[in-house]
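The values are calculated or read from the model by the stated rules, or taken from the named source; none is laboratory data. If you're wondering where the values come from, they're calculated on a predicted model, not measured in any experiment. Cβ atoms come from the backbone with ideal geometry, glycine included; neighbour counts cover every protein chain shown.
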Amino acid sequence: MTNRSGARPGLTLAAVAVVQFMVSLDLSVVNVGLPQIAAGLGFSAVGLTWVIHAYALTFGGLLLLGGKAADRYGRKRVLLLGLGLFGVASLLGGLAQEPGQLVAARAAQGVGAAALAPAALSLLTTTFPTGKARVRAFGVWSAMNAAGGAFGVLMGGVLTEYASWRWVMFVNVPMAAAALAMVRRGVAAGPPSARSGRPDVLGAVLATAGMTLLVFGVVRTDRYAWTSPVTLTTLAVAAALLAAFIHVERTTAREPLVRLGLFANRAVIGANAYIFLVGAAMTSTFYFLSLYIQHVLGNGPARTGAMFLPFALGVVVGSVIAVKLGYRLAPRTLLVAGGLLTATGLAWFGLISPEGTFATDVLGPSVLTSVGFGLCLAPLVATATAGVAPHETGTASGLLNSSRQIGAALGLAALGTAAHDRTGRTTTPETLSDGYALGLTLSATLLLAAVLVALAVLRRTGPPSPGERAEDRDLVPARD
């Protein structure tokens, strides 16, 4: 069916579904293939973390700029540009012959994702503005978001074992091409929705460069001590870049990426601090657990991917429970309960040993951790936009996603370095298990810190009123 503007809602929905599946998939699909990537390209133990960092930093650092660009230059145009860049970067990543080439390709993927993800979700909002079609469309979007994360680890394992690790990159190419074709045919080239100001490109560059240099400084502490001139200089330059970003956001004549006054809202700052810590812990957990299952327990990539399925399904179960409890419990209560349950599961993961088994060392803690994680997700979005003006809810939602990605990069940098130091230069199943266990225990500590943030920063509120519950039935996610 085609409307007067030339748009075809069915194709638009299909394109956005493919985009969301692809973006969600790429957050997890490479994890299981990391040992094979390291062996194939010669990554060091610490250098391997940059396969994750490169994507998370550019995705998180440029996400707000991507949303602003979609508003100013047109959603279809930015979506096509993001899809093209994502597809080409995936192809080049699969063809990489050395570590630097793959890291550069992953960074380019992050730039593409930062453009296409907010443009796709904003396009869905305008294509389905009201009624049952809107609820159905966002139901499909949510399902694809969950499915990408759930099947990413399984798909990554199967592709790595039966084809090659390169296919965890190549698999994005046909998806990006299909989405490009659907967007070109099904999305009308409508006018840009906002021309109020030019996007703050300088602010985005400063923020991304500052965070990248900060991660770089932390990662290199395996070679240079924290008190060495090299580390201190690197961290000082990173701090200067981030301070410059704050100054630019205060004084720029362009449209700032984020109005700094938003951080006066306790709900906004509390939710972002919480998701920063959760992102740091969960990304590190996937990283350590994938390596433990393969390097210590001796499983192949495909079987490792299958072992992650209970974790992925547990997140879905936890999210469903959170929605049902959300009508009776305050978001702060769910964040505390979910955080404590997740921390318990991570502490259990911290007991892994070289003689471990799937049932006791992987399956049991996976259930606790994943259900707790799912309990945290739904109330975080509601909390991050509480008390925010309607015209800033998109910015607040994008800020939440940026905090999660940046937390993922910084957390993995710090915890990966700590685990590497504990392992030492002799890599036996015993030393590897000891290092991974430390990283997982530190992840549990981060979740406890997140719970303290929820208790100390977020205000006590009651459950939603009956009127709010009725509104929530038609509520859709704010733009990423």
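Observations, loosely collected:
- Verdict on ARG195 being at pLDDT below 85 and surrounded by 13 or more Cβ atoms within 10 Å (Cβ to Cβ): no
- First in the range 304-325 and not assigned by TED's automatic domain parsing to the domain that holds VAL362, second anywhere and of a type in the set (A, V, I, L, M) and surrounded by fewer than 22 Cβ atoms within 10 Å (Cβ to Cβ), Cβ under 7 Å, 6 or more apart: none
- Applying the condition of being in a helix (DSSP H, G or I) and surrounded by fewer than 16 Cβ atoms within 10 Å (Cβ to Cβ) to the range 243-261 and asking which residue is farthest from the chain's Cα centre (by Cα) yields THR251.
- Test result for ARG136, among the basic types (Lys, Arg) and surrounded by 19 or more Cβ atoms within 10 Å (Cβ to Cβ): no
- Top-ranked residue in the range 56-77 [being farther than 12 Å from LEU121 by Cβ and among the aliphatic types (A, V, I, L, M); ranked as nearest to the chain's Cα centre (by Cα)]: ALA56
- Residues of the range 274-303 classified as outside any helix (DSSP H, G or I) and touching a residue at least 12 places away in the same chain (Cβ under 8 Å), total: 2
- Within the range 430-457, being over 19 Å from SER284 (Cα atoms) and surrounded by fewer than 24 Cβ atoms within 10 Å (Cβ to Cβ) holds for GLU430, LEU452, VAL453, LEU455, ALA456, VAL457.
- All positions within the range 66-89 that are at pLDDT below 90 and either surrounded by fewer than 24 Cβ atoms within 10 Å (Cβ to Cβ) or among the basic types (Lys, Arg) (or both): LYS68, ASP71, ARG72, TYR73, GLY74, ARG75, LYS76, ARG77
- Filter result for ALA264 (surrounded by fewer than 18 Cβ atoms within 10 Å (Cβ to Cβ), assigned by TED's automatic domain parsing to the domain that holds ALA456 and out of contact with any helix residue (DSSP H, G or I) (no Cβ under 7 Å at 6 or more places or on another chain)): yes
- Entry remark, the range 254-273: residues being over 22 Å from LEU455 (Cβ atoms) and either free of Cβ contacts under 8 Å to residues at least 12 places away in the same chain or of a type in the set (Val, Ile, Thr) (or both) number 2 in total.
- The residues listed here are THR428, THR385; of these, the one that is hydroxyl-bearing (Ser, Thr, Tyr) and at pLDDT 90 or above is THR428.
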